[in-house]
Amino acid sequence: MKVTTVPALGYEVVDQVATLTLNDPSTRNALGPAMRDLVAEALQAIERDRGIRAVILTGASGHFCSGGDLRNIASAGLDNQGWRERLHDLHQWFKILVTLDRPVIAAVDGAAFGAGLGLALAADYVIGTPRTRMAVSFLRIGLVPDCGVFYTLPRIVGAQRAKELMLSAREVGADEAHRLGLVAELQAPDQLMARARAIAASFVQASPSAVSLIKRAMATGDDLATRLEFEANAQALAMGTQHHRDAVGDFLAKQPARFQWPV
């Protein structure tokens, strides 16, 4: 009997959009060492490929990502320094994901717990379904949040709500996740990927320079002076691009805009 092995991480590039699909049903797509290595490799490939204009991050089998692989954690046998090194390895590819100069759309169906929530919140735009469930679940097993949650979560929900979610480790359903801004919109499960692809495809026609500068601006220091100085420098760069000149020409000629958010 022929046995077909399904890759734990699906990776495809279609029409300048890369899609990463976590696909390990036995662990609900947990971020074990093997999965982390596959994600790291894929993100490094995306970072190098300037032809890729947008990225979709999703999970297979009705779940996004259940978090860390607890069986692996329990059997790892690492000391304090070993765990530090493991987190530093994770941070190398996580920083690529957060600072990538192209838009990242997370399509989240089912569970996004612990590090899985961190993975989702690293995206620029998160789409959920009525089945989406999220939790900053680390305290349930005596750990502190990782996978960037200390950075991303307060920026989305504010410091007080972030502390409540971290300290309660409670589960958040789809409607509350939408209200809190953890997900930007909800779609029916059978429409989730179609919506993610439509949004990603719209960015193929957007200015790569402007998209990159917007993402960099949002990651810059929070004080007003820093933001305004970056704004002046970024706008000067954007004004000099051919994409801007062509877009203005289209507007003056009463032609449709090249970049249009899908309704």
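The values are calculated or read from the model by the stated rules, or taken from the named source; none is laboratory data. Note that this is a predicted model, so its numbers are computed, not measured. In this analysis, Cβ positions are derived from the backbone assuming ideal geometry, glycine residues included, and neighbour counts consider all displayed protein chains.
Tabulated data for the structure shown
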{"read-out": "Failed criterion for residue 209 (all others in (1) out of contact with any Ser or Thr (no Cβ under 6 Å at 6 or more places or on another chain); (2) among the hydroxyl-bearing types (Ser, Thr, Tyr); (3) within 22 Å of residue 124 (Cα to Cα) hold)", "value": "(1)"}
{"read-out": "Qualifying residue in the stretch 49-57 (condition: among the aliphatic types (A, V, I, L, M), in a loop (DSSP other than H, G, I, E, B) and buried (at least 16 other Cβ atoms within 10 Å of the Cβ))", "value": "yes"}
{"read-out": "Residue in the stretch 195-206 that is free of Cβ contacts under 8 Å to residues at least 60 places away in the same chain, more than 30 Å from residue 166 (Cα to Cα) and in a helix (DSSP H, G or I) present", "value": "no"}
{"read-out": "Index of the failed condition, residue 70 passing every other in (1) touching a residue at least 60 places away in the same chain (Cβ under 8 Å); (2) crowded, with 20+ Cβ neighbours inside 10 Å; (3) not aromatic (Phe, Trp, Tyr)", "value": "(2)"}
{"read-out": "From the options 120, 177, 106, residue that is at pLDDT 95 or above, outside any helix (DSSP H, G or I) and touching a strand residue (DSSP E or B) at 6+ places or on another chain (Cβ under 9 Å)", "value": "106"}
{"read-out": "Members of the stretch 227-263 found to be polar (S, T, N, Q) and either part of a helix (DSSP H, G or I) or over 23 Å from residue 204 (Cβ atoms) (or both), listed by number", "value": "233, 235, 242"}
{"read-out": "Residue match in the stretch 80-96 (condition: assigned by TED's automatic domain parsing to the domain that holds residue 187, surrounded by fewer than 21 Cβ atoms within 10 Å (Cβ to Cβ) and outside any helix (DSSP H, G or I))", "value": "no"}
{"read-out": "Residue in the stretch 147-160 that is touching a residue at least 60 places away in the same chain (Cβ under 8 Å), part of a loop (DSSP other than H, G, I, E, B) and not aliphatic (A, V, I, L, M) present", "value": "yes"}
